[in-house]
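Okay, structure first, notes after.
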Amino acid sequence: GGGARGFFLLGTYLSLTWLWDLLPPSYYSFQGSIQYTNVALCLITQDLLQFLMHKLEHIAHPKLYRLSHKPHHKFTNPKLFDAFDGSVPDTILMILLPLFFTAHLVRTCNVWTYMAFGSIYANWLTFIHAEVTFPWERYFRVVGLGTAADHHVHHKFFKWNFGHLFLWWDWVAGSYRDPREVW
(Lines give C-alpha, C1' and ligand atoms only; values in the text may rest on other atoms or scores of the structure.)
Protein backbone atom coordinates (compact mmCIF):
# COMPACT_ATOMS: atom_id res chain seq x y z
CA GLY A 1 0.00 0.00 0.00
CA GLY A 2 0.84 3.67 0.05
CA GLY A 3 2.21 3.54 3.60
CA ALA A 4 4.86 1.07 2.51
CA ARG A 5 5.64 3.29 -0.49
CA GLY A 6 6.12 6.30 1.82
CA PHE A 7 8.50 4.35 4.06
CA PHE A 8 10.37 3.06 0.99
CA LEU A 9 10.81 6.61 -0.39
CA LEU A 10 11.96 7.90 2.98
CA GLY A 11 14.39 5.00 3.41
CA THR A 12 15.73 5.58 -0.11
CA TYR A 13 16.18 9.29 0.57
CA LEU A 14 18.01 8.64 3.86
CA SER A 15 20.24 6.01 2.27
CA LEU A 16 21.16 8.07 -0.81
CA THR A 17 21.79 11.30 1.06
CA TRP A 18 24.06 9.35 3.43
CA LEU A 19 25.91 7.29 0.83
CA TRP A 20 26.38 10.14 -1.65
CA ASP A 21 27.43 12.72 0.99
CA LEU A 22 24.56 15.06 0.13
CA LEU A 23 24.24 16.44 3.66
CA PRO A 24 26.50 18.98 5.40
CA PRO A 25 29.70 17.36 6.73
CA SER A 26 28.68 17.57 10.40
CA TYR A 27 25.76 15.17 9.74
CA TYR A 28 28.30 12.36 9.30
CA SER A 29 30.03 13.00 12.64
CA PHE A 30 29.56 10.59 15.53
CA GLN A 31 31.32 13.02 17.89
CA GLY A 32 29.42 14.45 20.84
CA SER A 33 25.85 13.78 21.87
CA ILE A 34 22.40 15.03 20.93
CA GLN A 35 22.37 18.79 20.35
CA TYR A 36 18.90 19.63 21.67
CA THR A 37 18.86 23.19 20.34
CA ASN A 38 19.56 21.84 16.85
CA VAL A 39 16.83 19.20 17.25
CA ALA A 40 14.38 22.03 18.02
CA LEU A 41 15.68 24.11 15.09
CA CYS A 42 15.31 21.14 12.73
CA LEU A 43 11.74 20.48 13.92
CA ILE A 44 10.77 24.13 13.52
CA THR A 45 12.44 24.48 10.11
CA GLN A 46 11.07 21.19 8.79
CA ASP A 47 7.57 22.04 9.92
CA LEU A 48 7.67 25.53 8.40
CA LEU A 49 8.88 24.14 5.06
CA GLN A 50 6.32 21.32 5.22
CA PHE A 51 3.57 23.84 6.03
CA LEU A 52 4.55 25.94 2.99
CA MET A 53 4.69 22.91 0.68
CA HIS A 54 1.39 21.60 2.06
CA LYS A 55 -0.31 24.92 1.47
CA LEU A 56 1.29 25.14 -2.00
CA GLU A 57 -0.05 21.69 -2.92
CA HIS A 58 -3.55 22.79 -1.95
CA ILE A 59 -3.61 26.20 -3.65
CA ALA A 60 -1.02 26.36 -6.47
CA HIS A 61 -2.97 24.52 -9.15
CA PRO A 62 -5.83 21.99 -9.12
CA LYS A 63 -3.77 19.56 -11.23
CA LEU A 64 -0.85 19.66 -8.79
CA TYR A 65 -3.26 18.96 -5.92
CA ARG A 66 -4.92 16.07 -7.78
CA LEU A 67 -1.58 14.47 -8.67
CA SER A 68 0.16 15.00 -5.36
CA HIS A 69 -1.82 15.52 -2.19
CA LYS A 70 -5.44 14.62 -2.98
CA PRO A 71 -4.80 10.85 -2.73
CA HIS A 72 -3.78 11.36 0.92
CA HIS A 73 -7.11 13.10 1.53
CA LYS A 74 -9.02 9.90 0.87
CA PHE A 75 -8.59 9.60 4.63
CA THR A 76 -11.19 12.02 5.98
CA ASN A 77 -10.87 10.35 9.38
CA PRO A 78 -7.23 9.20 9.30
CA LYS A 79 -5.73 6.37 11.29
CA LEU A 80 -2.29 6.14 12.85
CA PHE A 81 -0.37 4.75 9.87
CA ASP A 82 -2.05 6.92 7.23
CA ALA A 83 0.69 9.49 7.98
CA PHE A 84 3.02 7.90 5.44
CA ASP A 85 0.35 6.99 2.91
CA GLY A 86 0.90 9.63 0.26
CA SER A 87 1.60 9.64 -3.45
CA VAL A 88 5.19 9.78 -4.71
CA PRO A 89 4.92 13.50 -5.64
CA ASP A 90 3.32 14.27 -2.26
CA THR A 91 6.07 12.48 -0.34
CA ILE A 92 8.76 14.24 -2.36
CA LEU A 93 7.20 17.71 -2.08
CA MET A 94 6.01 17.61 1.50
CA ILE A 95 8.54 15.38 3.28
CA LEU A 96 11.73 14.79 1.30
CA LEU A 97 12.41 18.29 -0.08
CA PRO A 98 11.77 19.92 3.31
CA LEU A 99 14.07 17.34 4.93
CA PHE A 100 16.84 18.11 2.45
CA PHE A 101 16.51 21.89 2.83
CA THR A 102 16.26 21.62 6.62
CA ALA A 103 19.62 19.81 6.70
CA HIS A 104 21.16 22.58 4.62
CA LEU A 105 19.66 25.35 6.75
CA VAL A 106 20.50 23.75 10.12
CA ARG A 107 24.02 22.75 9.08
CA THR A 108 25.69 21.82 12.38
CA CYS A 109 23.86 18.65 13.44
CA ASN A 110 25.74 15.45 14.18
CA VAL A 111 24.45 11.92 13.59
CA TRP A 112 22.81 11.69 17.03
CA THR A 113 21.00 14.99 16.58
CA TYR A 114 19.76 14.03 13.12
CA MET A 115 18.49 10.69 14.44
CA ALA A 116 16.74 12.36 17.39
CA PHE A 117 15.12 14.90 15.07
CA GLY A 118 14.04 12.19 12.61
CA SER A 119 12.59 10.01 15.36
CA ILE A 120 10.57 12.84 16.90
CA TYR A 121 9.42 14.07 13.50
CA ALA A 122 8.28 10.64 12.23
CA ASN A 123 6.53 9.82 15.48
CA TRP A 124 4.76 13.19 15.55
CA LEU A 125 3.49 12.71 11.97
CA THR A 126 2.11 9.36 13.03
CA PHE A 127 0.67 10.81 16.25
CA ILE A 128 -1.34 13.55 14.47
CA HIS A 129 -2.97 10.95 12.24
CA ALA A 130 -4.11 8.87 15.23
CA GLU A 131 -7.76 7.96 15.46
CA VAL A 132 -7.99 8.84 19.15
CA THR A 133 -7.99 12.06 21.13
CA PHE A 134 -5.34 12.11 23.81
CA PRO A 135 -6.00 13.74 27.21
CA TRP A 136 -2.95 16.04 26.88
CA GLU A 137 -4.06 17.57 23.56
CA ARG A 138 -5.62 20.67 25.12
CA TYR A 139 -2.32 21.48 26.84
CA PHE A 140 -0.34 20.90 23.63
CA ARG A 141 -2.69 23.21 21.74
CA VAL A 142 -2.09 26.06 24.22
CA VAL A 143 1.64 26.14 23.36
CA GLY A 144 1.06 25.54 19.66
CA LEU A 145 1.86 21.85 19.33
CA GLY A 146 -0.25 20.15 16.65
CA THR A 147 -2.56 17.38 17.80
CA ALA A 148 -4.53 14.61 16.17
CA ALA A 149 -7.74 16.63 16.58
CA ASP A 150 -6.16 19.65 14.88
CA HIS A 151 -4.97 17.60 11.93
CA HIS A 152 -8.29 15.80 11.65
CA VAL A 153 -9.88 19.21 11.01
CA HIS A 154 -7.60 19.46 7.96
CA HIS A 155 -8.55 15.99 6.72
CA LYS A 156 -12.24 16.72 7.13
CA PHE A 157 -12.40 20.22 5.62
CA PHE A 158 -9.13 20.49 3.57
CA LYS A 159 -8.80 24.28 3.92
CA TRP A 160 -7.56 24.73 7.48
CA ASN A 161 -4.75 23.49 9.72
CA PHE A 162 -1.93 22.88 7.26
CA GLY A 163 0.74 22.64 9.96
CA HIS A 164 1.86 19.29 11.32
CA LEU A 165 4.11 19.64 14.34
CA PHE A 166 3.26 23.22 15.23
CA LEU A 167 0.12 25.35 14.97
CA TRP A 168 2.14 28.57 14.80
CA TRP A 169 2.19 28.79 11.01
CA ASP A 170 -1.59 28.44 10.77
CA TRP A 171 -2.03 31.02 13.53
CA VAL A 172 0.12 33.52 11.58
CA ALA A 173 -1.50 32.66 8.21
CA GLY A 174 -5.05 32.80 9.60
CA SER A 175 -5.69 29.22 8.53
CA TYR A 176 -6.12 27.67 12.00
CA ARG A 177 -9.45 26.27 13.17
CA ASP A 178 -9.84 24.89 16.66
CA PRO A 179 -11.33 21.39 16.52
CA ARG A 180 -13.70 22.26 19.37
CA GLU A 181 -15.28 24.92 17.13
CA VAL A 182 -15.96 22.68 14.12
CA TRP A 183 -17.16 19.41 15.61
Report summary line: Sorting Pro62, Gly118, Ala130 by the position of each Cα along the dipole of segment 33-144 (Lys, Arg +1; Asp, Glu -1; all at Cβ), the one nearest the positive end of that ordering is Pro62
Query raised in the report: Hey, rough spin-label estimate for Thr37 and Trp136, points 7 angstrom out along Cα→Cβ, what's it come to in nanometres?
Result: 2.5
**Report entry** Rg(Cα)/(2.2 N^0.38 Å) for the chain, N = residue count
**Finding:** 1.01
Query raised in the report: If you place +1 on the Cβ of every Lys and Arg, -1 on the Cβ of every Asp and Glu, and leave all else neutral, what size is the dipole of segment 1-128 about its Cα centre, to the nearest 20 Debye?
Result: 320
Requested in this report: Could you tell me what percent of the accessible area of the chain is made up of carbon and sulfur, with a 1.4 Å probe and every protein chain present?
Outcome: 70
Requested in this report: With a cut-off of at most 15 other beta carbons within 10 Å, and DSSP calling the residue loop, which GluC sites (Glu not before Pro) in segment 90-183 qualify? Please list them.
Outcome: Glu131
Requested in this report: Find, to one decimal place in angstroms, the Kirkwood hydrodynamic radius of segment 131-182, where the mean of 1/r is taken over every pair of different Cα atoms and then inverted.
Outcome: 10.7
Requested in this report: Before anything else, pin down the relative contact order of segment 55-183: Cα pairs under 8 Å, at least 6 apart, normalised by residue count, whole percent.
Outcome: 22
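The values are calculated or read from the model by the stated rules, or taken from the named source; none is laboratory data. Note that the structure is predicted; figures quoted are calculated from it, not measured. Cβ atoms come from the backbone with ideal geometry, glycine included; neighbour counts cover every protein chain shown. To get the accessible areas, we keep the full protein, side chains included, count just its heavy atoms, and leave off ligands, DNA and RNA. Shrake-Rupley method; radii C 1.70, N 1.55, O 1.52, S 1.80 Å.
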